[in-house]
Each structure stands twice: as C-alpha cells, then as structure tokens.
Amino acid sequence: MKKFVTMALAATLCLAVAASAADRVTTKPDGKQIRISWIGKTLNNPWWIAVADSAITEAKNLGIEMQVALPQEEVDLEKQVTMVESAIEQGVDAIIISAASSDGIIPAIRKARDAGIKIINFDTRISDPKMYDAYVGADDVQGAYKAGVYMCEKIGGQGKVGLITGLLAQSTGVDRRKGFLDAVANYPGVTVVENTAEWRSDLAANVTTNMLTANPDIKGIFACNDQMAVGMVSAVKTDGINPKDMVLIGYDGILDAVDMMLKGDMAADVALPFKEEGEIGVRMAVALVLNDNYVFDREMICDGPLVTVENEEHTDMTIYEYVTKFYPLRGVTDKGY
C-alpha cells in the first residue's frame, strides 16, 4: 500500500510539473509576453519538421508565444522574405531564421534589425555576421569531412566516388561540398564525379542514374542531405546494384536514413542535431530579449556525429545509440519521438 501511495504521489507531482510548464508565461519588463517568429526553410524535409517540433516544445517550456513558418520549397527565398516582413509587421521581439539564400535574405533581415528585432541565425548562415545577434548550428565542413574520410578509407584510398551537392546559394550546400572535397584531397588515388540535386530526392535519383551510366566504376556516393540520399539509394537499386556493394552515405539523420542504414542500404550518415538546434535557438532568442546587454561573440556549434551500424574506426555513434537518443519511439509513432 505504501508503494502504491508513493507511486501515485510521484505521478501527481509529474502532472503538476507538466501543468506548470504549460501554464508558464514569460513576460518582458513591460508585462507583455515574449513573441518570437521561427522561420525555417521547407516543409518537404522531415529534418525541418523535427527541428521545428523541438523549437515549439522549448517555446512552450519557456512560456513564450512563438509562430512557426516554413516555405513549401527550400528554394523559395521570396516566400521567406514575405515571412520576415510579416514578423516585422506583427512587432515580434525576435526572429529565429535559417536562410533560404545566405545573401538574398539580407535586405529583409536588415529591415528587421532596423525595427529593433533580435535576430538568431541557425543552421544555414546569413552571409553577413553583422545581420544577426547569435548563431547556432553544426559544423557542416567538419561533418562532410568525416563522410569523405570514411568513404575514402572504405574504398582503400583508390577509385572513383560520386558527390551529390545541394543548393550552393546556401552555406550548408557550400560547406558540405567543401568538407567532402577537402577530405578526398588527402587521398591522391581517389577521384570525384559531382553534380547538384538541389536537396531534392527526385533530382538526386536522376543524378545518380546519370553518374552510374557514365561512370560504372564508381565505388561510392555521398549525398549532401538525406532527402537526396533517398533518391540516390532508389536509383542504385533501380540500376540493379546491391547498395551493400557500394559505399553510400547521407547527411542529416532523418528517420528514412535510419531505416536505410538498418536495412543495409546505406553505409553511414552524418547526423544533424535537430533537437539542439531547435532548443538552443529559442533559448538564445529569449535570453537576448530579456537581457539587452547579452553578447554572443562566439557561435554555438553542435556536433554532427558520423553514424554507422557497427562501431568502426571513424564511427562517432552507432545507429542504435543514435536512435535511442533521437528516435526512441521508432516504429511506434510516425516521427519516432
């Protein structure tokens, strides 16, 4: 009976804590609730949905009002500019944004800064650091470098590999391409065939087919995001090749990539920390709104681990460790968390 009472009390306490967090309202000195606009890049990539979910949860925990906006397509700079202008009109206290175009978004951001709005840049950089108050993201050069080293080591430092790049108008596209090529440069016996698929699965399938047709001796392919990796794997299978006979690597750590790795269709993946980016961006915004004297001289860089099925020489985390940390409800819910 005592054990039952203790358990019941613990359950009541948990419910009380959850309720208090949900009821929390964080206000500025003027008594008004903090209002933030969170602007991502696309609804068509599960990674962006996951990072938005993380940001929403953190906003609720901190008791702030946050509106989330995501363009349908990752290339839609015009739509993202409209979202920034809408946030300015609504008089939000801060904007958390990942740039659809590292240069193209600057005029809209400048208007927001002129209106006194705090700017937190995450994931994809605004090219002018003077346009934002803080940055949080992963080191995409280092992440792609890990992929390049793993690729070259797996093929014994000899042979031809493919590189499917994303949008080079975005810092993520530029940095991931650079990191992979920097790694390959250390292996004189490895040559690279590359083309862009603009972060899209359908284009990546076409690019992969063309690569395999023109270069049947390719030993591996690195897709600079997991949406493209899905198209890459599909095209390899359609071409009659067993994915296990190649070194196929993706980048992002979405649930589709997890499933492909567990099936043996992909050798490795560089996992972007969606939970950290979502949470820290919101925390930065709240801190800056409440403390005008806060200065973030250094960027907050999250680790992007190289994930493989088993522990190998260059493995940072096995797929099982990764799933436990980020997708504990895999197979139970659609999103896995």
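Rg (Å, one decimal) plus Dmax (Å, integer) for the alpha carbons of region 21-78?
Just the Cα atoms of region 21-78 yield Rg and Dmax of 13.5, 39 Å.
Counting only residues 5 or more places away or on other chains, whose amide H sits under 5 Å from the amide H of Met66 once H atoms are built in the peptide plane?
HN-HN under 5 Å from Met66: Ile36.
What is the spread of the Cα atoms of region 291-337 along each of their three principal axes, largest first, in whole Å?
Largest first, region 291-337 extends 45, 33, 11 Å along its Cα principal axes.
State which entries of Lys219/Lys325; Lys28/Lys275; Lys160/Lys244; Lys32/Lys118; Lys237/Lys325; Lys28/Lys111 exceed 21 angstrom in Cα-Cα distance in the structure shown.
Lys219/Lys325; Lys28/Lys275; Lys237/Lys325; Lys28/Lys111
Among Ser234, Gly278, Leu329, pick out the residue whose Cα is farthest towards the positive end of the charge dipole of the chain, where Lys and Arg carry +1 and Asp and Glu carry -1 on C-beta, about the Cα centre.
The residue sitting farthest along the positive end of the dipole is Leu329.
Seen from all sides and averaged, what is the projected area of the convex hull of the Cα atoms in the chain, in nm²?
Numbers: hull surface 79.4 nm².
Hull-based average projected area comes out at 19.9 nm².
Where in region 27-77 are there trypsin sites (Lys or Arg not before Pro) that are in a DSSP coil and have at most 16 other Cβ atoms within 10 angstrom of their Cβ?
In loop regions of region 27-77 (DSSP not H, G, I, E or B), the sparsely surrounded trypsin sites (Lys or Arg not before Pro) are Lys32.
Treating each Cα of region 92-180 as an identical point scatterer and ignoring solvent, apply the Debye formula and state log10 I(q)/I(0) at q = 0.15, 0.17, 0.19, 0.20 Å⁻¹.
For the requested q values the scattering log ratios are -0.62, -0.72, -0.82, -0.88.
Could you derive backbone 3J(HN,Hα) for region 208-221 from the dihedral phi with the Karplus parameters 6.51, -1.76 and 1.60 (θ = phi - 60°), listing whole Hz in sequence and x where the residue is Gly or Pro?
Rounded to whole hertz, the list is 5, 4, 5, 4, 5, 5, 7, 9, x, 8, 4, 9, x, 9.
For region 99-140, count all C-alpha to C-alpha pairs, find those more than 11 Å apart, and express that count as a whole percent of the total.
Values: 532 of 861 pairs.
The proportion of pairs with Cα distances above 11 Å equals 62 percent.
How large a share of the accessible area of the chain, in percent, is made up of carbon and sulfur atoms when the probe is 1.4 Å and the other protein chains stay in place?
Of the solvent-accessible surface of the chain, carbon and sulfur hold 53 percent.
Just name one of Ile96, Asn195, Val161: the one whose Cα is farthest towards the positive end of the charge dipole of region 60-207 (beta-carbon charges, Lys/Arg +1, Asp/Glu -1).
Val161
Would you mind working out the magnitude of the charge dipole of the chain relative to its Cα centre, with +1 at each Lys and Arg C-beta and -1 at each Asp and Glu C-beta, to the nearest 20 Debye?
700 debye
Identify, among Val309, Asn291, Met131, the residue whose Cα sits farthest towards the positive end of the charge dipole of the chain, taking +1 on the Cβ of Lys and Arg and -1 on the Cβ of Asp and Glu, with the dipole about the Cα centre.
Farthest along the dipole direction, towards plus: Asn291.
Tell me what the chain gives for mean residue ellipticity at 222 nm when only DSSP H runs of n ≥ 4 count, each as -39,500 (n - 2.57), the sum divided by the residue total, rounded to 500 deg cm²/dmol. Could you put the intermediate results ahead of the total?
Numbers: 11 runs with 151 residues, N = 337.
Computed ellipticity for the chain at 222 nm equals -14500 deg cm²/dmol.
Show the residues, 5+ positions off or on another chain, whose built amide H is closer than 5 Å to the amide H of Glu194.
Leu163
Looking at region 251-313, which trypsin sites (Lys or Arg not before Pro) are in a loop (DSSP not H, G, I, E or B) and have at most 14 other Cβ atoms within 10 Å?
When the trypsin sites (Lys or Arg not before Pro) of region 251-313 are filtered for loop state and at most 14 Cβ neighbours within 10 Å, Lys263, Arg298 remain.
Could you put Glu321, Glu279 in order of accessible surface area, largest first, with the 1.4 Å probe and the full protein assembly present?
Sorted by accessible area, descending: Glu321, Glu279.
The values are calculated or read from the model by the stated rules, or taken from the named source; none is laboratory data. Treat the numbers as computed from the prediction; the structure is a model and nothing was measured. Positions of Cβ are generated from backbone atoms using ideal geometry, with glycine treated the same way; all protein chains shown enter the neighbour counts. Protein only, heavy atoms only, side chains kept; ligands, DNA and RNA dropped before computing areas. Shrake-Rupley method; radii C 1.70, N 1.55, O 1.52, S 1.80 Å.
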